[in-house]
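The values are calculated or read from the model by the stated rules, or taken from the named source; none is laboratory data. Note that the structure is a prediction, hence the values are computed from the model and not measured. Quick reminder, even Gly has a Cβ in these numbers, built from the backbone with ideal geometry, and neighbours come from all protein chains shown. For accessibility, only protein heavy atoms count, side chains too; no ligands or nucleic acids. Shrake-Rupley method; radii C 1.70, N 1.55, O 1.52, S 1.80 Å.
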Amino acid sequence: MKALVYQGPGKIEWTDVPDPAILKPTDAVVRIETTTICGTDLHILKGDVPAVTPGRILGHEGVGVITEVGSSVTSFAVGDRVVISCISSCGHCEFCKKGLYSHCLGDEGAVGIGWILGHLINGTQAELVRIPYAETSLYKLAENVPDQQGVLLSDILPTGFEIGVQYGKVTPGDVVAVIGAGPVGLSAMATSSLYGAAKVIAIDIDQNRVDQASKFGATHGVVSADKDWKKQVLALTDGLGVDVAIEAVGVPETFGMATEIVRPGGHVANVGVHGTSAELRLQDLWIANITITTGLVNTNTLPMLLKLVVSQKLDANAFVSHRFALKDIMDAYDTFGRASETKALKVILEA
């Protein structure tokens, strides 16, 4: 089969690799129909995730059809159309029982890490993929949900909702600022309304992304390149700052911005994947009763979000900006990597 293989920082190759096979009774093999590129894949390509070693097939999002199941898999059958969760969970360890799937203690990849696809084992940017713990890592996809919406449930929608909105403790009437209007930041904006946010402020260095954010629930937008960006944000509150600041970029500067605009007693929810240290000005924050959260998505909300997509209460179509054939994945990476020029949001790859 063909797959997108990481060959070291700055190097990827669409090449022939062996087909995956069932290795354990709990496995399934899925033929990929639709996948996509995540901002985390770009972090990997930059060398920010050293656990990803040369030879690894990238990708952790996908919709596909099961072609083979292990002997212990009873909830799924060959021919089932499924969403692949970006987090693989054994379903029975201490953390999985608590819904903390991101720290699954199963022995795939590394004990205590649920994000293994495209990270510690081969991933979804391929024609076929082996899925460990199929019973608890796959979700049947309703016929009326298009692939392009299903694939967004693999990662970005649960990530924005769980690590941004839920960890940020958004409550009815809150003013929420989301720093970074990329796909995950937009997901946080789109799902903030589920918890009754009164205002959602999109903050990004790119004017186009700020403008696009209104399609995803943002009520206001601020371009962070403006010298008075902070003043603009505070003017949208009562002058005390936002209730919840969600950081969805993953660089030290944007984390610092989040801590600057949150009000006393507020929450900073860090969603971005950081490759370097960020300064924590604890000498200023401790007295303000600020809560700071970080996290890797669990995808425990995926079934609920899927219901909202099925009932058309949550529209995922607006995330898709570009489409490519899977075989043209190198062009897709180029387009997604130059998002400020190409205006790319989510790039869909179809087999």
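Screening Val273 with (1) touching a Ser or Thr at 6+ places or on another chain (Cβ under 7 Å); (2) over 23 Å from Lys313 (Cβ atoms); (3) of a type in the set (A, V, I, L, M, F, W, C); (4) open to solvent by less than 20 Å² (accessible area, probe 1.4 Å) gives one miss only, at (4). Only one entry in Lys231, Lys199 is at pLDDT 95 or above, of a type in the set (Lys, Arg) and touching a Ser or Thr at 6+ places or on another chain (Cβ under 6 Å), namely Lys199. State whether the residues of region 337-346 include one that is open to solvent by 80 Å² or more (accessible area, probe 1.4 Å) and not in a loop (DSSP other than H, G, I, E, B). Checked against the condition, which is being open to solvent by 80 Å² or more (accessible area, probe 1.4 Å) and not in a loop (DSSP other than H, G, I, E, B), region 337-346 yields at least one hit. Those residues that are among the aliphatic types (A, V, I, L, M) and either in a loop (DSSP other than H, G, I, E, B) or under 16 Å from the mean Cα position of the chain (by Cα) (or both), I need them from region 270-284; list them, please. Passing the criteria: Val271, Val273, Ala278, Leu280. Among the residues of region 294-307, is any touching a Lys or Arg at 6+ places or on another chain (Cβ under 7 Å) and in contact (Cβ under 8 Å) with a residue 24 or more places away in the chain? For region 294-307, residues touching a Lys or Arg at 6+ places or on another chain (Cβ under 7 Å) and in contact (Cβ under 8 Å) with a residue 24 or more places away in the chain: absent. Every listed requirement among (1) of a type outside the set (A, V, I, L, M, F, W, C); (2) assigned to a helix (DSSP H, G or I); (3) open to solvent by 40 Å² or more (accessible area, probe 1.4 Å); (4) at pLDDT 95 or above is met by Gly265 save one, (2). Which one of these is farther than 30 Å from Ile246 by Cα and surrounded by fewer than 18 Cβ atoms within 10 Å (Cβ to Cβ): Ala126, Ala110, Ala134, Ala142? The unique qualifying residue is Ala142.
Screening Ile287 on (1) modelled with pLDDT under 95; (2) exposed (fewer than 13 other Cβ atoms within 10 Å of the Cβ); (3) not charged (D, E, K, R); (4) not in a loop (DSSP other than H, G, I, E, B) shows it passes everything except condition (1).
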